[in-house]
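Heads up, the thing below is written out as structure tokens.
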Amino acid sequence: MESKKVLMALTLLSSILLGACTGPGTEHDSDVTSIDLGGDHDPVFDKFDGELERNVTIKVVENDTAIKMGYLDELLEAFNEEYKEYGITAVDANQGEFADLPNSGPYGYGPDVIYQANDVLMSWVDDKHISPLPTHLIEAYTSEVIPEAAQNAYTATANNVNYTFGVPINIQSPLLYYRKDLLPADWKTTWDDNDNDVPDMVENLVDLYQFSIQYHEQNPSNYGFEFSLNDFYFSSGYLFSYGGYLFGDNNRDDTDIGLHKGNARYGVQVLRQFAAQMSPACIDDSAKLAISGSMASGKYFASVTTPDVRSVIVDALANTYVQEGLSTEEARIKADENVVGVPFPDLPENGDLINPSEKSIECKQMGGINGYAMSSYTKCPNASLAFINFATSYKMVKLREEILQIAPCRSDVASESTELSQQLFERTKNGSIVLMPSIKAINQVWTPAGSFMEDVAADPTRGSGAKYDTLDKIQAALEQLSQDIYDAIHLLD
């Protein structure tokens, strides 16, 4: 992109991009404002002619949390007010957060705009279910505003041309959440060896492992650290930390499956050791589904989830405090203070929580970039583009951050956000958060990888029949997993 043309187009867009989706038989008003797209002509963008369709309805798919917490209502109300004189109305598509665009779109009843994670949206590129976007008409789409790593999550190549298919909104990556009020009263003297006023058990997994044993011994119904290992989104980072990877060539080469590469087996060993200190809920989705109630009751001291779920945990804990006699306002303030999220604690370099090495390494995590994309089947591309531009503006991303406590992709919002959001932003830029592949082949990863992790979680209960009690056994299993995924992608199509 040429910077002068970009700035000119962005200025034009922010000041005059107006319009709505026109259904069959609707006439355009004669005074519709046109926008010069600038740059070399690309027929892919012919539909973005700057004439904003009027008197139409844009159907928008959002995630359930945004709907529940009221953000979508705020967004729709603000957009509709902005564009009411042009007859453009944006509404909730009411198709669930995982709208089936490939099946609904071709028949005319799918959404116009979809908010989802990059792995879902980009899996629809090959079959042309989502539309390339003219990024020079989107205010947010500059490297100064959105980091390159986030932009790349929505980029694909066709006919030797790189196209963008989505606009990043927020960073999704697992975090460790813990109950600050459940720390030992003497933690500053017993669990802060480096005297940095941060509890050791949330800085490194060796201490969290030791603390989990102690927490469970004090009350056999409670667990220091619990999460659903079968969710590969949560557990894959342990493999990545020791050199494993999903696909080669920066997650674009699906002929190179690397879950067995490097010392990825160390990551599996860590997970197996932790599973031995967890309840059976860690084997399947039970721990994930119970996270808010279990953290609110103190059954879990710490667990794993994404930033958008924190508000649900806070709500559950606030209810607990109300039952204990606090007022609603006091309970909410106290709950907000005591649900703390941190980037994942460090791992022992040798991958052994029981006999750890002195040196630690950073624990990477899989992440995603949630954003907005446009259906290829929309009858109102210009109005849909106006909605995407509006929803990704500073004002609306800031509001989204305030209501949903997201980790924003926009650098200007991130710089004004919490320390944790700023950390996630930097971790995305430097690669500590490994973004989900933006290719269709990712769909063949989740089931076999999740089944493998479920088997690992169950292994400590098998006694002499254990399948993963040595590194050699783990290595062989990872090699088979990589082969199974390869076969699913290339041999079973």
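The set of residues in region 396-435 that are basic (Lys, Arg) and free of Cβ contacts under 8 Å to residues at least 24 places away in the same chain contains only LYS398. On the stretch given as region 93-120, residues that are surrounded by fewer than 17 Cβ atoms within 10 Å (Cβ to Cβ) and more than 21 Å from the chain's Cα centre (by Cα) total 7. Residue under question is SER235, and the condition is that it be in contact (Cβ under 8 Å) with a residue 12 or more places away in the chain and open to solvent by less than 10 Å² (accessible area, probe 1.4 Å); does it hold? Here the answer is yes, as SER235 does meet what is asked.
Of all the listed residues (THR142, THR189, THR157, THR135), the sole one being farther than 30 Å from LYS288 by Cα, out of contact with any Leu (no Cβ under 9 Å at 6 or more places or on another chain) and in contact (Cβ under 8 Å) with a residue 60 or more places away in the chain is THR135. Give me the residue from region 282-325 that is of a type in the set (D, E, K, R) and more than 24 Å from LEU435 (Cα to Cα) and, out of that set, surrounded by the fewest Cβ atoms within 10 Å (Cβ to Cβ). Applying the filter and picking the extreme gives GLU324. Is it true that THR155 is surrounded by fewer than 23 Cβ atoms within 10 Å (Cβ to Cβ), under 30 Å from SER482 (Cα atoms) and β-branched (Val, Ile, Thr)? Yes; evaluated as a whole, the condition is true for this residue. Picking from residues in region 64-92 that are crowded, with 20+ Cβ neighbours inside 10 Å and in contact with a strand residue (DSSP E or B) (Cβ under 9 Å, 6 or more places away or on another chain), the one that is nearest to MET374 (Cα to Cα) is ALA90.
Among the residues making up region 446-476, those that are touching a helix residue (DSSP H, G or I) at 6+ places or on another chain (Cβ under 9 Å), open to solvent by 60 Å² or more (accessible area, probe 1.4 Å) and acidic (Asp, Glu) are ASP469, ASP472. Checked against the criteria, GLY50 counts as at pLDDT below 90, on the phi > 0 side of the Ramachandran plot and either in a loop (DSSP other than H, G, I, E, B) or surrounded by 12 or more Cβ atoms within 10 Å (Cβ to Cβ) (or both).
Only a single criterion out of (1) at negative phi; (2) at pLDDT 95 or above; (3) open to solvent by 10 Å² or more (accessible area, probe 1.4 Å) is not satisfied by ASP253, namely (2). Checking ASN250, ASN230 one by one, the residue that is of a type outside the set (A, V, I, L, M) and part of a helix (DSSP H, G or I) is ASN250 and no other. The test for being under 27 Å from the mean Cα position of the chain (by Cα) and either under 28 Å from ASP207 (Cβ atoms) or free of Cβ contacts under 8 Å to residues at least 24 places away in the same chain (or both) does not hold for VAL322.
Residue count for region 288-343, restricted to those that are among the aromatic types (Phe, Trp, Tyr) and under 15 Å from PRO174 (Cβ atoms): 1. The test for being open to solvent by 30 Å² or more (accessible area, probe 1.4 Å) and either closer than 30 Å to PRO280 by Cβ or in contact with an Asp or Glu (Cβ under 8 Å, 6 or more places away or on another chain) (or both) holds for GLU479.
In region 98-204, counting only strands (runs of 3 or more DSSP E) that sit wholly within it, the ones holding 3 or more residues that are over 30 Å from PHE390 (Cβ atoms) span 175-179.
The values are calculated or read from the model by the stated rules, or taken from the named source; none is laboratory data. Note that the coordinates shown come from a computational prediction; the quantities given were computed from them, not determined experimentally. Glycine gets a Cβ as well: all are built from the backbone with ideal geometry, and neighbour counts include every protein chain shown. These area figures cover heavy atoms from the full protein model, side chains too; ligands, DNA and RNA do not enter into them. Shrake-Rupley method; radii C 1.70, N 1.55, O 1.52, S 1.80 Å.
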